[in-house]
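Trainee: One structure is given below, represented as structure tokens, and several questions about it will come after.
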Amino acid sequence: MQPWSSVPVPRVPGTPRPLRLFDTSAGEVKPTEPGPVARMYVCGITPYDATHLGHAATYLAFDLVHRVWLDNGHQVHYVQNVTDIDDPLLERAERDNEDWVVLAMRETALFREDMEALRVVPPADFVGAVESIPEIVESVGKLLASGAAYRVDDEYPDVYFRHQASGHFGYESNYDGETMAAFFAERGGDPDRAGKEHPLDALLWRAARDGEPSWESELGPGRPGWHLECSVIALNRLGLGFDVQGGGSDLIFPHHEFSAAHAESLTGEFPFAKHYVHAGMIGLDGEKMSKSKGNLVFVSRLRGDRVDPMAIRLALLDGHYRTDRSWTADALTAGAARLARWRQAVELESAPSAEAAVAELRERLSDDLDTQQALRAIDAWVEEALTTGGSDAEAPQLIRTAVDALLGVEL
Ligand code: 5CA
Ligand code: ZN
């Protein structure tokens with residue numbers, strides 16, 4: 001697929017700080033240690049209700065990872081998928097009496113526009129599940145051949161993954177059996193499917209059913225299972241042992257546990273990713289933002305209401321990416337006010353020296369993306385500039401450059 005247009009990221013004078021991030025698997029903040037090319041995969045949208053502010057918050061968090069790595073002189077190979085065939089997409093199309101392909105195309109186009117408006121640096125590879133079917137089919141074939149997968153013996157010969165096949169199952173989420181069972185059932189799994197060897201075994205290839213889209217393949221007609229899509233797209237573009245596998249915390253299990261297990265079984269190597277990084281869930285007025293609750297706020301709706309996307313960006317960044325939090329009208333008002341204040345300060349002819357504020361910004365971001373404190377570092381400089389003033393004629397431009405490069409906010 002075509003990704004959205006890229007934004008230039010200026011170089012910032014001064015000393016970058018290496019990025020440390022919380023790793024779900026290790027349960028602690030660890031340094032990221034990329035080579036010259038940092039490698040990141042972030043789970044993309046299922047295109048039927050993009051882009052709500054929960055999606056936006058998650059992609060902004062990983063955009064900061066991208067930007068901090070760029071600041072550290074790495075190139076970044078960023079890969080993101082689009083789950084353009086899966087049950088939730090088909091269910092929505094059916095409910096709305098719409099063609100699922102058209103629905104997916106429309107929501108993907110909207111997502112691209114929203115990402116561009118929010119100034120998210122695009123992935124190098126933006127890859128749909130449908131266009132990856134040949135790669136997925138080949139991988140299912142390998143898993144069947146190695147004994148990591150089996151076919152259910154009934155009228156629908158679906159292929160399932162033996163969840164223990166990699167020998168490392170459970171290392172990513174660290175969840176106990178009861179928690180795994182609950183999340184598996186809740187998040188797209190099918191524990192009660194007759195003919196499976198174990199309730200936790202995950203679907204790799206769904207044999208064609210009447211009325212469902214399917215693709216011809218050497219496995220027989222069918223369509224891919226969800227977790228393998230991300231395994232294969234990541235593996236074939238980044239290779240095993242890439243730096244960050246990312247997404248929202250609702251993907252910790254089963255999705256990221258199985259994406260890892262599938263790839264590790266395919267290659268016989270370990271681990272799939274060096275860091276598993278998860279953003280908290282955004283809610284609205286205290287409830288998780290989700291389609292079933294009907295409490296979604298869309299980036300496109302706000303754009304339609306002429307809200308400056310930079311105010312949305314600042315509103316979402318004024319909270320820690322790992323904390324579940326709520327979107328409120330007040331957060332947006334505060335984001336807009338902050339944006340106006342910052343813009344006023346960078347218009348000054350001269351201001352207090354900005355080196356210390358930029359150093360603090362870098363320090364805070366490098367510490368597991370502490371955006372709240374990072375924003376406050378800029379606030380402090382802005383307040384001093386607007387109240388006391390200063391004589392450094394370069395300072396406003398330095399702040400403008402740093403805020404652009406590191407926070408993605410254009411002043
Ligand atoms: N296509 C799959 C991933 S392969 C998927 O989860 N799609 S999604 O459209 O449901 O979500 C897209 C991304 O946004 C995922 O990383 C998901 O974890 C994240 N996300 C979904 N809802 C929220 C929310 N309320 N708050 C924060 N992040 C969210
Ligand atoms: Zn995924």
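Trainee: Please enumerate the residues belonging to the stretch 74-94 that are within 21 Å of ASP125 (Cα to Cα) and either open to solvent by less than 10 Å² (accessible area, probe 1.4 Å) or more than 10 Å from ligand 1 (Cβ to nearest atom) (or both).
Mentor: Selection gives HIS74, GLN75, VAL76, HIS77, TYR78, VAL79, GLN80, ASN81, VAL82, THR83, ILE85.
Trainee: Being hydrophobic (A, V, I, L, M, F, W, C), crowded, with 18+ Cβ neighbours inside 10 Å and under 17 Å from the mean Cα position of the chain (by Cα) is the filter here, so list the residues in the stretch 118-132 that pass it.
Mentor: Within the stretch 118-132, LEU118, VAL120, VAL121, PHE126, VAL127, ALA129 qualify.
Trainee: Here is a follow-up. For the stretch 315-353, name all the residues that are closer than 26 Å to VAL29 by Cα and open to solvent by 60 Å² or more (accessible area, probe 1.4 Å).
Mentor: Result: ARG322, THR323, ASP324.
Residues checked against (1) within 21 Å of ASP87 (Cα to Cα); (2) within 15 Å of ligand 1 (Cβ to nearest atom); (3) in contact (Cβ under 8 Å) with a residue 40 or more places away in the chain:
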site: GLU212; (1), (2), (3): yes, no, yes
site: VAL232; (1), (2), (3): yes, yes, yes
site: GLU264; (1), (2), (3): no, no, yes
site: GLY268; (1), (2), (3): no, no, no
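Trainee: Could you tell me whether any residue of the stretch 22-41 is within 15 Å of ligand 2 (Cβ to nearest atom), touching a helix residue (DSSP H, G or I) at 6+ places or on another chain (Cβ under 7 Å) and open to solvent by 10 Å² or more (accessible area, probe 1.4 Å)?
Mentor: yes
Trainee: Restrict the check to the stretch 78-86 and report whether at least one residue is out of contact with any Ser or Thr (no Cβ under 9 Å at 6 or more places or on another chain) and not in a strand (DSSP E or B).
Mentor: Yes, the conditions are met somewhere in the stretch 78-86.
Trainee: Kindly indicate which of ASP49, ASP114 is open to solvent by less than 20 Å² (accessible area, probe 1.4 Å), more than 16 Å from ligand 2 (Cβ to nearest atom) and modelled with pLDDT under 95.
Mentor: None of the others qualify; the one that does is ASP49.
Trainee: Inside the stretch 1-56, counting only strands (runs of 3 or more DSSP E) that do not spill past its ends, which hold 3 or more residues that are within 29 Å of ASP114 (Cβ to Cβ)?
Mentor: Here the list reads 20-23, 37-42.
Trainee: Provide a single number: the residues in the stretch 90-141 that are in contact with a helix residue (DSSP H, G or I) (Cβ under 6 Å, 6 or more places away or on another chain) and either more than 27 Å from HIS66 (Cα to Cα) or not small (Gly, Ala, Ser) (or both).
Mentor: The qualifying residues number 14.
Trainee: Got a sec? Which helices (runs of 4 or more DSSP H) wholly within the stretch 200-316 have at least 1 residues that are out of contact with any Phe, Trp or Tyr (no Cβ under 8 Å at 6 or more places or on another chain), away from ligand 2 (no atom under 16 Å from the Cβ) and within 19 Å of GLY141 (Cβ to Cβ)?
Mentor: Ranges flagged: 257-267.
Trainee: Let me ask another. For the stretch 61-73, indicate whether the set of residues that are open to solvent by less than 10 Å² (accessible area, probe 1.4 Å), within 16 Å of ligand 2 (Cβ to nearest atom) and among the β-branched types (Val, Ile, Thr) is non-empty.
Mentor: no
Trainee: Exactly one of these conditions fails for HIS168: (1) more than 15 Å from SER231 (Cβ to Cβ); (2) touching a residue at least 24 places away in the same chain (Cβ under 8 Å); (3) touching a Phe, Trp or Tyr at 6+ places or on another chain (Cβ under 7 Å); (4) surrounded by fewer than 19 Cβ atoms within 10 Å (Cβ to Cβ). Give me its number.
Mentor: It is condition (1) that HIS168 fails.
Trainee: Go through (1) open to solvent by 10 Å² or more (accessible area, probe 1.4 Å); (2) over 17 Å from the mean Cα position of the chain (by Cα) for ILE252 and report which single condition fails.
Mentor: Result: ILE252 passes all but (2).
Trainee: Another question, then. If I ask for residues that are free of Cβ contacts under 8 Å to residues at least 40 places away in the same chain and over 30 Å from THR108 (Cβ atoms), which ones from the stretch 1-32 would you list?
Mentor: ALA26, GLU28, PRO31
Trainee: Give me a count of the residues in the stretch 74-106 that are more than 23 Å from PRO31 (Cα to Cα) and within 16 Å of ligand 2 (Cβ to nearest atom).
Mentor: 10
Trainee: Do you know which residues across the stretch 140-196 are hydroxyl-bearing (Ser, Thr, Tyr) and either assigned to a helix (DSSP H, G or I) or modelled with pLDDT under 95 (or both)?
Mentor: SER146, THR179
The values are calculated or read from the model by the stated rules, or taken from the named source; none is laboratory data. The structure presented is a predicted model; accordingly, all values stated were derived computationally and were not measured. In this analysis, Cβ positions are derived from the backbone assuming ideal geometry, glycine residues included, and neighbour counts consider all displayed protein chains. Accessible surface is based on the protein model in full, side chains and every heavy atom, while ligands, DNA and RNA are left aside. Shrake-Rupley method; radii C 1.70, N 1.55, O 1.52, S 1.80 Å.
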